[in-house]
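Participant: Here's a structure for you.
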Ligand SMILES: Cc1cc2nc3c(=O)[nH]c(=O)nc-3n(C[C@H](O)[C@H](O)[C@H](O)COP(=O)(O)OP(=O)(O)OC[C@H]3O[C@@H](n4cnc5c(N)ncnc54)[C@H](O)[C@@H]3O)c2cc1C
């Protein structure tokens with residue numbers, strides 16, 4: 001890489017951009033990763049809850065993508081620990097989905113049956129069995145389904161580890177200013193503009209999360225990617241109340257290794273507003289206390305919100321229509337943490353061999 005020319009420029013240093021840079025750098029490509037913030041991973045990739053879950057019962061492309069990514073986690077966690085000395089806290093904690101009424105029970109038991117029929121794991125539990133596993137659960141639940149393969153990760157640590165690993169293998173970083181436009185030579189994109197300066201590359205990856213609509217529109221192929229706000233409440237209960245992630249009443253409860261507990265998350269389409277609200281906080285706390293009454297005695301720590309990159313049918317992964325050197329990787333919505341390992345791998349394969357090991361065809365960006 002010369003002073004202002006890189007092999008590949010990656011726009012966006014969230015978990016997706018960092019996973020792509022890490023995978024490229026490990027394949028001896030030296031990307032330049034650009035983020036508008038002063039450090040990587042300050043947006044959705046910091047705000048996320050870090051649940052790694054795929055409850056689907058089918059073999060359709062999206063659930064297959066989720067499963068393939070989850071399968072990469074154990075090895076990646078070890079690799080990052082060795083390369084960066086960062087423990088990303090990958091824990092196979094499982095999820096317990098609880099139900100309070102026959103309607104919810106029917107839906108979840110049906111899902112569990114279909115999963116088992118199709119070769120995936122799920123176990124229907126009586127309320128007594130669920131209380132045995134998680135004694136803090138409300139006495140009002142009527143049963144639960146256990147998804148034992150679900151896991152969790154500490155996403156801020158994961159982004160830091162991916163960035164540190166990427167740097168170790170040759171990735172350069174340009175932080176603190178956004179990409180504001182593209183430079184062309186004829187039809188071809190040859191550079192991006194950052195703080196009035198042009199940075200050149202052979203290939204460009206747009207991975208700037210819920211802001212990806214801007215660069216795609218600048219290139220004349222607007223993608224309807226936008227923000228879906230999610231609010232989280234962080235509390236602390238000692239001794240720890242749960243071993244597993246608990247899911248019910250439209251929220252999840254994530255017990256972290258450090259004893260803190262996340263209650264999340266709202267899904268709101270309110271633009272680029274990241275302020276936590278009283279209503280959002282109340283929703284999370286009310287549902288949390290209904291699932292586990294003891295949570296009412298927990299210590300309130302903090303609340304925050306982040307912006308998931310939402311697209312109606314995502315993620316969008318592949319060459320931008322009309323361009324043979326611009327790739328889009330965005331729109332991971334609720335599963336960007338889960339999907340980061342496979343996204344990094346497949347985009348790096350696409351850019352180095354032209355042959356991703358899983359077809360990207362179902363996720364091809366088509367524009368609006
Ligand atoms: C409350 C909440 C809970 C969640 N829980 C989970 C979960 O449990 N499991 C899960 O798998 N997923 C979860 N998600 C979703 C997940 O966090 C996202 O899908 C994922 O983080 C998206 O990563 P990203 O890199 O695409 O976007 P981001 O993390 O938003 O990163 C985009 C980056 O691009 C940068 N950028 C933007 N514009 C420019 C520009 N013009 N130039 C340069 N840089 C730019 C930003 O500064 C940012 O760093 C959750 C999200 C939220 C908000």
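The values are calculated or read from the model by the stated rules, or taken from the named source; none is laboratory data. The structure displayed is predicted, hence computed values, not measured ones. Virtual Cβ from ideal backbone geometry, glycine too; neighbours counted across all protein chains shown.
Participant: Output the number of residues of the stretch 252-273 satisfying the condition of being within 11 Å of the ligand (Cβ to nearest atom) and crowded, with 17+ Cβ neighbours inside 10 Å.
Facilitator: Qualifying residue count for the region: 8.
Participant: Taking residue 219, is it under 30 Å from residue 107 (Cα atoms) and at pLDDT 95 or above?
Facilitator: no
Participant: Restricting the stretch 126-152 to residues that are in a loop (DSSP other than H, G, I, E, B) and without any contact (Cβ under 8 Å) to a residue 24 or more places away in the chain, which is nearest to the chain's Cα centre (by Cα)?
Facilitator: Top of the filtered list is 135.
Participant: Tell me which of these residue 223 doesn't satisfy, since it passes every other one: (1) surrounded by 23 or more Cβ atoms within 10 Å (Cβ to Cβ); (2) outside any loop (DSSP other than H, G, I, E, B); (3) in contact with a helix residue (DSSP H, G or I) (Cβ under 9 Å, 6 or more places away or on another chain).
Facilitator: (2)
Participant: A further question on this structure: Would you pick out the residues in the stretch 197-219 that are without any contact (Cβ under 8 Å) to a residue 24 or more places away in the chain and under 17 Å from residue 315 (Cα atoms)?
Facilitator: Matches in the stretch 197-219: 213, 214.
Participant: Out of (1) away from the ligand (no atom under 15 Å from the Cβ); (2) assigned to a strand (DSSP E or B), what's the single condition that is false for residue 6?
Facilitator: (1)
Participant: Filter the stretch 293-337 down to the residues that are touching a residue at least 60 places away in the same chain (Cβ under 8 Å), in contact with a helix residue (DSSP H, G or I) (Cβ under 9 Å, 6 or more places away or on another chain) and more than 16 Å from residue 363 (Cα to Cα) and list them by number.
Facilitator: 295, 298, 300, 303, 304, 305, 306, 307, 308, 337
Participant: Among the candidates 163, 105, 127, 112, which residue alone is in contact with a strand residue (DSSP E or B) (Cβ under 8 Å, 6 or more places away or on another chain) and within 16 Å of the ligand (Cβ to nearest atom)?
Facilitator: Only one candidate qualifies: 163.
Participant: Surrounded by 14 or more Cβ atoms within 10 Å (Cβ to Cβ), within 15 Å of the ligand (Cβ to nearest atom), more than 22 Å from residue 254 (Cα to Cα) and at pLDDT 95 or above: which single residue out of 38, 47, 68, 25 fits that description?
Facilitator: Details: 38 fails: surrounded by 14 or more Cβ atoms within 10 Å (Cβ to Cβ); 47 fails: more than 22 Å from residue 254 (Cα to Cα); 25 fails: within 15 Å of the ligand (Cβ to nearest atom).
Of the residues listed, the single one that is surrounded by 14 or more Cβ atoms within 10 Å (Cβ to Cβ), within 15 Å of the ligand (Cβ to nearest atom), more than 22 Å from residue 254 (Cα to Cα) and at pLDDT 95 or above is 68.
Participant: Out of all the residues in the stretch 308-323, which are closer than 11 Å to residue 225 by Cβ and surrounded by 20 or more Cβ atoms within 10 Å (Cβ to Cβ)?
Facilitator: Once the filter is applied, which keeps residues that are closer than 11 Å to residue 225 by Cβ and surrounded by 20 or more Cβ atoms within 10 Å (Cβ to Cβ), the stretch 308-323 yields 308, 309, 310, 311, 314, 315, 316.
Participant: Going by the structure shown, is residue 290 in a helix (DSSP H, G or I), under 21 Å from residue 51 (Cβ atoms) and not assigned by TED's automatic domain parsing to the domain that holds residue 77?
Facilitator: yes
Participant: I'd like to check something: does the stretch 90-98 contain any residue that is more than 30 Å from residue 160 (Cα to Cα), in contact with a helix residue (DSSP H, G or I) (Cβ under 9 Å, 6 or more places away or on another chain) and not in a loop (DSSP other than H, G, I, E, B)?
Facilitator: yes
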